[in-house]
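Nothing in this text is a laboratory measurement; each read-out follows from the coordinates by a stated rule. As the structure is a computational prediction, the values presented were derived from the model and not from experiment. All Cβ positions, glycine included, derive from the backbone under ideal geometry; neighbour counts span all protein chains shown.
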């Protein structure tokens, strides 16, 4: 019975994820729909992502477990900065391009991991939300430094105005007041749950948008970022979770987010800071595709290690 349960969970998780991504790819293949890509992404980021974070944090015990995703978020950035530089030195190659460092240091904390976590460990979504907050802050502070810019008022403004950050802030406030708030009651209704499911599929579709232009380029960067994200960062998250004996609802979101492919938003930052947009796009698309291919194996391993 346990084996059957594992198989059903795996089919449900991967089926929903692949369906959402495929819908995103198909959307971009239809010219009449593809022209609305920007508006679709804006609605997802400005409304559905904050809603997902808010709803995820309602029943999360901040007192006990916030430290784990907080440290994990810092580690991902540190690993992403150090490992590509080390690998390039070992290879005898030139230091990595800032665009490569950015893709290695800032993983996909929302679009890719959240639907996976929701499918196999929904009680861990609050943990994932803390990781998201750290990622956003690091992206708009350390990320500026990587891009060659100093921390300034503009970066602080980006943090303050980024809707998912407000999802985290309001989530902490509502978490403090408990399940009796108006929002908590709304999120628990059929309509509130429907909005959550729609948000999950919309985040997956935004992943599919990028995969419609698949091509392999910048192989050295792909190798270094791939090792950083999928081997080093994922491996550290996995080993630490096992050694510390973290419960499933903490271990799974931390491991999945630490080992996620590069964030889609690296492309937007590359354009803003005149970084190598072609390298950024190639690394994001190829490594996201690889992550989707190995996803079933990853989920099987996690479900066995953290039942």
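Data for the structure
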| read-out | value |
| --- | --- |
| FRET efficiency, 1/(1 + (r/R0)^6) with R0 22 Å, evaluated for residue 194 and residue 293 via beta carbons | 0.15 |
| Three semi-axes of the equivalent ellipsoid, region 266-307, Cα gyration tensor, whole Å, largest first | 32, 11, 5 |
| R0 of 25 Å, Cβ-Cβ distance residue 34-residue 268: FRET efficiency to nearest 0.05 | 0.90 |
| Region 71-196 - convex hull of alpha carbons, volume per residue in Å³ | 127 |
| Sequence of 281, 190 once ranked by neighbouring C-beta atoms within 10 Å, starting from the fewest | 190, 281 |
| Sequence ranges 301-307, 109-115, ranked by mean other-Cβ count within 10 angstrom, highest first | 109-115, 301-307 |
| Kirkwood hydrodynamic radius (C-alpha pairs) into Stokes-Einstein, region 2-305, 10 °C and 1.306 mPa s, D in µm²/s | 82 |
| Between region 225-270 and region 20-62, the alpha-carbon center distance in angstrom | 22 |
| Fraction of the pair-distance distribution of region 27-95 above 21 Å, Cα-Cα pairs, percent | 62 |
| Added length on full extension, which subtracts the Cα-Cα distance from 0.36 nm per residue, residue 186 to residue 153 | 8.3 nm |
| Length-normalised contact order for region 206-307 - Cα pairs under 8 Å, 6+ apart - percent | 39 |
| Pairwise label distance in nanometres, residue 160 with residue 223, each label 7 Å out on the Cα-Cβ vector | 4.6 |
| Region 2-305, relative contact order [Cα under 8 Å, separation at least 6], % | 32 |
